[in-house]
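Report on one structure; see the data block that follows.
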Protein chains: 2
Amino acid sequence: MTTKTRAILGEQAVEDTAHVLRCLGHPLRLRILDVLEQSREVTVTEVYEALQVEQAVASQHLTTMWDKGILKRRKDGVHVYYSIADERALKVLDCVRNANC
Amino acid sequence: MTTKTRAILGEQAVEDTAHVLRCLGHPLRLRILDVLEQSREVTVTEVYEALQVEQAVASQHLTTMWDKGILKRRKDGVHVYYSIADERALKVLDCVRNANC
DNA sequence: TGGAAACATTGTAATATCTCTATATCGCTG
DNA sequence: CAGCGATATAGAGATATTACAATGTTTCCA
């Protein structure tokens, strides 16, 4: 442990936090969270139909959020159900919308 | 007002929220917040010395956060003091660090 | 087994971000 | 007013994101 006046957050923690926030910082991904706030679980089809975007785009963003650990997946036959994995995501969303958090 | 199954957040609100979150999603900017959490107000010099980055880099990021309305500025002679303008920023930070928000 | 539905992945071009370096502006003081 | 310290801005090159179109893969079922 060096004697640096380093921040409260460790190197790695900062990087991780930044990744998560940046991941949330996209209109479509925010809307996906919005959808997930109401429907616990959604399929890719439900998402791209609800948000009116290309299938590939929805899949990409869902995968991105899954990579970051924000969402989790569950396969059932031909469907893939996505849902919130990290509750902080919703908290953050709530926090930004209203100031009450 | 159309009859679309639009999300809870309006178009503009989503865009804005995304911008703010993306703005927070950068290691250096998170550290700046970290510094501001302890020193209500800081000058550019204090920031770039504390975080050990180029003066221009610190200035740029501070300006970016100012643009987004996250920080506010106050000029005093030759110094510019930056401080939190949008408390949600700290809340979000807190929210991501610990789950308690 | 062939095909359709549901997802994922890949390649690519456009755009946005970041860092770095250099330069410009502003305010103070000798 | 010359000069210095504190900030801001501009431009360029490197890297990262994003949307889109096309193609793969998996699963189910007739």
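Every read-out reported here was derived from the displayed coordinates using simple, explicitly stated rules and does not represent laboratory data. None of these values were measured; they are calculated from a predicted model. In this analysis, Cβ positions are derived from the backbone assuming ideal geometry, glycine residues included, and neighbour counts consider all displayed protein chains.
Quick look at the values:
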read-out: GluC sites (Glu not before Pro) within segment A:35-68, DSSP loop, no more than 16 other Cβ atoms inside 10 Å; value: A:54
read-out: Three semi-axes of the equivalent ellipsoid, the protein assembly as shown, Cα gyration tensor, whole Å, largest first; value: 35, 19, 13
read-out: With Cα atoms, 0 to 90° folded angle of helix B:88-97 axis to chain B main axis; value: 90
read-out: Length-normalised contact order of chain A in % [C-alpha pairs under 8 Å, at least 6 apart]; value: 24
read-out: Positive minus negative residues near residue A:92 (Lys, Arg vs Asp, Glu; Cβ under 13 Å); value: +4
read-out: Shielding score for A:60-66, defined as the mean number of other chain Cβ atoms within 10 Å; value: 0
read-out: Estimated dipole of the protein assembly as shown in Debye, rounded to 20 [Cβ of Lys and Arg +1, of Asp and Glu -1, Cα centre]; value: 120
read-out: Whole-Hz couplings from phi, Karplus 6.51/-1.76/1.60, listed for segment B:69-85; x for Gly and Pro; value: x, 7, 10, 10, 10, 8, 8, 9, x, 8, 9, 10, 9, 9, 8, 5, 9
read-out: Cα-derived Rg to Rh of segment A:18-101, Kirkwood definition; value: 0.95
read-out: Rounded to 10°, Cα long-axis angle of helix A:11-24 versus longest principal axis of chain A; value: 30
read-out: Helix axis angle, B:27-38 relative to chain B longest principal axis, alpha carbon, degrees; value: 70
read-out: Interchain or long-range residues, amide H under 5 Å from residue B:81's placed H; value: B:74, B:75, B:76
read-out: Cβ charges +1 (Lys, Arg) and -1 (Asp, Glu), total dipole of chain A, debye; value: 300
read-out: Residue mean of other protein chain beta carbons inside 10 Å, B:82-95; value: 4
read-out: Chain B: calculated mean residue ellipticity at 222 nm from DSSP helix runs of at least 4, using -39500 (n - 2.57); value: -17000 deg cm²/dmol
read-out: GNM result for chain B, Cα springs below 10 Å: residue of B:57, B:35, B:78 fluctuating most strongly; value: B:78
